[in-house]
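Read the structure below first, then the notes.
No value in this document is a laboratory result; all are computed from the given coordinates. In this text, all values refer to a predicted model and were calculated from it rather than measured experimentally. We place every Cβ from the backbone using ideal geometry, glycine too, and count neighbours over all the protein chains shown.
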Amino acid sequence: MITDNLVDFSAALPPFRAVAGLDLGTVTIGVAVSDGMRQVATPLETIRRKKFGLDAERLIEICTRREIVGLVLGLPLNMDGSEGPRCQSTRAFARNLERLTALPITFWDERLSTVAAERALLEADTSRKRRAEVIDHVAASYILQGALDRLSHLKANST
């Protein structure tokens, strides 16, 4: 199931289970995971992209090992909110992944997530080499945290 609607995504998730966030790049995929209560996103790892089959296999392996129940993909919207070629690529990745897993998939606006991640790493006085190693999965945690915060807000308003 792929949805742009966080309400539908939330309804498809079993309670008290973790979700993962992905920052899809052309060279890497940043991966972050939540806790079971879906309150906190934690950077996990960066996957070096090879080809879709191998990338998907690694993602599914992570999801299985960590008992992930849903995926949040960063959607790289243009600054004016329109969708360009990178969004089309992300949506195609989601459609291809949907054929391999029953996990619900949704999208989250990732504008400026890498900028925020870079700023946080600079404030933490992280070396340039280390920033290059971790930027993608730190950006994935920003994407996932945004979605988690929204899901928490939706849940609070529905009670």
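Taking the average, over residues, of other Cβ atoms within 10 Å as the packing measure, peptides 25-33, 53-61 rank 25-33, 53-61 from highest down.
Fully extending the segment from GLU98 to ILE60, taken as 0.36 nm per residue of separation minus the present Cα-Cα distance, adds 12.6 nm. How large is log10 of I(q)/I(0) for region 6-117 at q = 0.21, 0.24 Å⁻¹ when the intensity is taken from the Debye formula with one equal scatterer per alpha-carbon? Relative scattering, expressed as log10 I(q)/I(0), comes to -1.28, -1.63. Annotation: amide H of VAL40 within the under-5 Å range of ASP35, sequence separation 5 or more or interchain, hydrogens built in the peptide plane. Between ALA18 and VAL69, the built amide H atoms are under 5 Å apart, and every one of these is 5 or more places off in sequence or on another chain.
Site pair THR3 and HIS153 shows an inter-label distance of 1.8 nm when each label is modelled 7 Å from Cα along Cα→Cβ.
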